[in-house]
Amino acid sequence: MHRVLITGAIHPFGLESLRAEKDLQIDYRPDLPLAELLTIIEPYHCLITRSETPVRRELLDRARNLKVVAVAAVGTAHVDIEYATEKGVLVFNTPGKNTNSAAELTLALLLDLVRKIHDAHETMRKGGWDRHRFTGTELLSKTIGIVGLGSVGHRVARFAHGFEMRVLACDPYIPDEAFARHRAEKTDLQTLVRESDIVSLHVPKNRETTGMIGPREIASMKKGVILLNAARGGIIDEPALLAALQSGQVAGAGIDTWSEEPPRDNPFRDLPNVVMTPHIGASTVEAQLRIAETIAVQVPRALRGGLVDAPVNMPQIRMLGGDAMVAYTVLCERLGTFAAQFLDFRPEQLQICYRGDIARQDCRLLRLAFLKGYLQQMSVEFVSYVNAEQRAKAVGLRVQDVEDPGFTDFESAVKFSFAASGPERGGGAAGHEFTIGGVVFGGPHPRITLVDGFGYEVEPEGTFLLIRCRDKMGVLSAISNVMDRHGILIHRLDFSHSRERRRTMFMFRVGQGIPDQAIEDLRATPHIRMVKKISI
C-alpha cells in the first residue's frame, strides 16, 4: 500500500480518482503547516503539493520512505531538486495545464491597467461618477515585449496579435521557427526592454532569471512603460520596481507572483498604478481540472515504478515509433535485473551500445533503466531512475556508452557489457566479462537476444533456470529427470549453442517454486557446468 499525502488543494475529480486506486492510501491535508508536516512525513511514499509547501533538505531527510514528489503546478522552485535527486526521489510537475489560464490573467492585468478598471469600479462602488479621471490608453499599435516564448508566452503573443500589437520576444532556448510561427520578432533582452511599451515576463525562476529585470533594465525602458509578472516572484527586483513606480518611470505594474508569498507589509498595496493578485494564474476551474487529471494518472504510475510524462530530475522519454522507447526502457530495466542475478563477479566497468533508430534518440533513460534494474538487486539502498547513476558510482562501476554498429543484425537493439579484473565472488581466476542484450520487435514485443555470448529470442518475464553444459548426449534427458523429480513445471524451453566454446545453454521458463535441492541436484548432474535461477 502506497501512502500519499496531499498538502496542496486539488480539484475534487483528482482526489476522487486517487482514492479509487486500490493500492493508494490518500491523506488530504491542504495548507498543512510546515512544522506539523515535518512531524508526520516519515511514513509517506508520495507528497502532492503546489507552491505552498517548501520541499527542502529537512523535509527530505525526515521523509525516509518518500519516493515521489508530485507538483500540481509548473514551478518547482520550492523543491530542492538536487537533494531530492541525491535521495532518489522522483520530482515531476504538470506543465502546460494552466497555460491558457496564466496567459488570460496576463491580459486581464494589462487591460485593467490601461483602462483603469479597478479604480473606476471602486469609485462607482462609493457612489462616484468621474468619467474624465479614468481616461486610459489603447493597446492598438503598442509594442509588447515578451520575455520567454514558451507555453504561456506564445499564448500571450497570440492574444496580443488580436489587439493588433507589435510583438517582440526574447528566448535563447526557443528555435527561430517558433518565433516565426507565433509572429514574434526575435530580439535580445536589452533591445526588448528599450523598445517595448509593455514588458511581460513568462520565464521559470532559476539562477539565470532571478532578478533579471533590475534597476539597469528598468532605467533603459521607455518612460511610462507597463510591467507584468504572472510568472514567478523574484524575476523582477521588487525594490527597483517600487522606486520606478513612485518616480513615474514605470506607469503601471500587474503583479500576480511575489518574492515572498504572501508578502509581508506589502509596499505596493497603496500605489494606485498597481494591480495585484495573489498568485492566481492557474486558478481557473479548467486549469485545476486538467492538473488534477494529470496528477491522478501520473502519481499511481510513478509509485508503481512506471514512467511519468514530465519528470523534473530525470530524462524525459521521447517516443519513437509510438511506444518503442517505452518498451525499450522496460526491456533495459529487466535486462539489468537479469544481469545482476547472473553475474558471479563484481564488475568494474559497464559499456553500453545502442544500434539503429534508438541510437539516434536520447538514450539516457535506457541507461538509467538498466542501472536501476541491476542495482536494485545489488544494493540495500533505495535505487530509482533518479539516483541510479549516483549509486553506480558509489559501488565503483564505471559506465560509458560505446559505438559498435556491427554487434547485431537487428534494426534496433541494445547491448550491455560488464567487465572486471578481480576474482569471482567465491574466489577464482581473474578477468571476467558478461554481455546481455535485447531488442523490441513491432507490437511492441521486447525480447532478450543475447546472454553471455549465447543468442536467444526470449520474452523478458517470469522465472528461468539457465543451465550451461558440455555438448554431450543425454544431458537434456538428465535435466528433465531432475526437474520431474522435483515437480518443476516447464512452460517453455529455449537453447543456444556456441561452437567456439563447445557449450550449450538451456533457458527454461518454469513455475516459481524451485526447491534449493533441485538446484543442487542439477549442479551435480554430469556435464553441467552452471545452473542459475533468474526471476524478472
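The values are calculated or read from the model by the stated rules, or taken from the named source; none is laboratory data. Values in this document were obtained by computation on a predicted structure and should not be read as measured data. Please note: Cβ atoms are built from the backbone with ideal geometry, for glycine as well, and neighbour counts cover all protein chains shown.
Structure notes:
- Enumeration of residues in segment 156-175 that are closer than 12 Å to LEU139 by Cβ, among the charged types (D, E, K, R) and not in a strand (DSSP E or B): GLU164
- Flag for GLY88 being part of a loop (DSSP other than H, G, I, E, B), at pLDDT below 95, touching a helix residue (DSSP H, G or I) at 6+ places or on another chain (Cβ under 9 Å) and buried (at least 20 other Cβ atoms within 10 Å of the Cβ): yes
- The number of residues in segment 351-378 being among the hydrophobic types (A, V, I, L, M, F, W, C) and closer than 25 Å to ARG529 by Cβ comes to 1.
- Residue within segment 239-255 that is under 28 Å from the mean Cα position of the chain (by Cα) and either assigned to a loop (DSSP other than H, G, I, E, B) or at pLDDT below 95 (or both) present: no
- A search for C-beta distances below 7 Å between a residue of segment 1-28 that is without any contact (Cβ under 8 Å) to a residue 12 or more places away in the chain and any residue that is part of a strand (DSSP E or B) and surrounded by 15 or more Cβ atoms within 10 Å (Cβ to Cβ), counting only pairs 6+ apart in sequence or on different chains, returns ARG19/ILE26.
- Conditions (1) in contact (Cβ under 8 Å) with a residue 60 or more places away in the chain; (2) more than 21 Å from ALA388 (Cβ to Cβ): number failed by LEU37: (1)
- Some residue of segment 176-199 being among the small types (Gly, Ala, Ser), part of a loop (DSSP other than H, G, I, E, B) and touching a Leu at 6+ places or on another chain (Cβ under 8 Å): yes
- Yes/no for ILE146 being assigned to a strand (DSSP E or B) and among the aliphatic types (A, V, I, L, M): yes
- Looking across segment 96-139 at every residue that is surrounded by fewer than 20 Cβ atoms within 10 Å (Cβ to Cβ) and under 28 Å from the mean Cα position of the chain (by Cα), the one that is farthest from VAL68 (Cα to Cα) is identified as GLU104.
- Considering residues of segment 12-57 that are over 22 Å from ARG304 (Cβ atoms) and of a type in the set (Gly, Ala, Ser) only, the residue modelled with the lowest pLDDT: SER51
- Residue pairs meeting the criteria (Cβ under 8 Å; at least 6 apart or on separate chains; first assigned by TED's automatic domain parsing to the domain that holds ILE213 and polar (S, T, N, Q), in segment 247-262; second surrounded by fewer than 23 Cβ atoms within 10 Å (Cβ to Cβ) and part of a strand (DSSP E or B)): GLN249/VAL225
- When residues in segment 140-157 are screened for being surrounded by 14 or more Cβ atoms within 10 Å (Cβ to Cβ) and out of contact with any Leu (no Cβ under 8 Å at 6 or more places or on another chain), 8 of them pass.
- Identity of the residue in segment 1-39, of a type in the set (Gly, Ala, Ser) and part of a loop (DSSP other than H, G, I, E, B), that ends up farthest from GLU52 (Cα to Cα): ALA20
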